[in-house]
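Take a look at the structure below.
The values are calculated or read from the model by the stated rules, or taken from the named source; none is laboratory data. Since the model is a prediction, treat every value here as computed from it, not as a measurement. With ideal geometry, Cβ positions are generated from the backbone for all residues, glycine too; neighbour counts draw on all protein chains shown.
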Amino acid sequence: MELLVVQHDPISPPGAIGQRFEDHGYNVTLHEIVGYDNFETPNVVPDLPSFTQYDAILTMGARWSAYDHDTVGNWVVPEIAALREADAAGVPVLGICFGGQLLAAAHGGSVIASPAPELGWVDISTTDEATVPQGPWFQWHGDKWVIPPTATQIAENPSASQAFALRRNLAVQFHPELDRAMLQGWLDNGGEEYATNIGVDLGALLSETQDREAEARTRAQALVDGFIANVAKR
């Protein structure tokens, strides 16, 4: 089985999520859209492979807004089209944060700015624990989706919808892949100033993330297991 991972920037790898797909026997192909050379000029012209050539798609987070087409439209628009093609062909897709927002945009929903960002470890309420475990999950987003009209919301909290399913697509707003090293990479590449400006205690955040690594990895594994069993096999 072949999994395509769409990594939108060089600091948002699949982490434990990609590893769990490998545990299930998937061969993982990583396609990076924006590399370090274009980190500050990210509106690159992509060379996206055909999503329909794969058995599943994993589309990751990103530091930009899905609706900011002046900044990233050269590749966001083709990726949204590719997600529609995958859906029409019955290819399962798991979208994480930005990737989930692209799923919403692809299938009749939308992406909007949140009244307030979520950054840190946050509890959610889920109606389908077997697919999306309760958490807490790590959040880092300033946008949120309006779910597609035919999608089923699976999880939420007072700030935003946190997960929805639609046919063989599953979108999650949080970051199940995150570990301390990844968080440090986000902070080192522009995130520290942003997090500090909204009042986040960076030392406490890093310490909590370190403390939660083992349990977070277990939940990430359960999320992939649930996606494969309850969404991809529909």
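Yes/no matrix, rows are residues, columns are (1) surrounded by 18 or more Cβ atoms within 10 Å (Cβ to Cβ); (2) closer than 22 Å to Gly18 by Cα; (3) in contact with a Gly (Cβ under 8 Å, 6 or more places away or on another chain); (4) at pLDDT below 95:
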{"residue": "Pro49", "(1), (2), (3), (4)": "no, yes, no, no"}
{"residue": "Ala66", "(1), (2), (3), (4)": "yes, no, no, no"}
{"residue": "Thr71", "(1), (2), (3), (4)": "no, no, no, no"}
{"residue": "Pro78", "(1), (2), (3), (4)": "no, no, no, no"}
{"residue": "Cys97", "(1), (2), (3), (4)": "yes, yes, yes, no"}
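Determine whether Thr218 is surrounded by 14 or more Cβ atoms within 10 Å (Cβ to Cβ), part of a helix (DSSP H, G or I) and hydroxyl-bearing (Ser, Thr, Tyr).
Answer is no for this residue.
Filter the stretch 55-90 down to residues that are assigned to a loop (DSSP other than H, G, I, E, B) and in contact (Cβ under 8 Å) with a residue 60 or more places away in the chain and give me whichever is farthest from Met182 (Cα to Cα).
In this case the residue turns out to be Gly90.
What number of residues within the stretch 183-199 are touching a residue at least 24 places away in the same chain (Cβ under 8 Å), of a type in the set (A, V, I, L, M, F, W, C) and buried (at least 18 other Cβ atoms within 10 Å of the Cβ)?
Within the stretch 183-199, residues that are touching a residue at least 24 places away in the same chain (Cβ under 8 Å), of a type in the set (A, V, I, L, M, F, W, C) and buried (at least 18 other Cβ atoms within 10 Å of the Cβ) number 3.
Do the conditions hold for Asp128, that is, is it farther than 30 Å from Ala214 by Cβ, modelled with pLDDT of 95 or more and acidic (Asp, Glu)?
Taking the combined requirement at face value, the residue does not satisfy it.
Please verify whether the stretch 117-127 includes one or more residues that are surrounded by fewer than 24 Cβ atoms within 10 Å (Cβ to Cβ), within 18 Å of Ser65 (Cα to Cα), within 16 Å of the chain's Cα centre (by Cα) and of a type in the set (A, V, I, L, M).
Yes, there is a match, as at least one residue in the stretch 117-127 is surrounded by fewer than 24 Cβ atoms within 10 Å (Cβ to Cβ), within 18 Å of Ser65 (Cα to Cα), within 16 Å of the chain's Cα centre (by Cα) and of a type in the set (A, V, I, L, M).
Would you tally the residues in the stretch 8-27 being surrounded by fewer than 16 Cβ atoms within 10 Å (Cβ to Cβ), outside any loop (DSSP other than H, G, I, E, B) and either in contact with a strand residue (DSSP E or B) (Cβ under 8 Å, 6 or more places away or on another chain) or small (Gly, Ala, Ser) (or both)?
2
Consider the stretch 28-54. How many of its residues are in contact with a Phe, Trp or Tyr (Cβ under 9 Å, 6 or more places away or on another chain), outside any loop (DSSP other than H, G, I, E, B) and farther than 24 Å from Thr218 by Cα?
Qualifying residue count for the region: 0.
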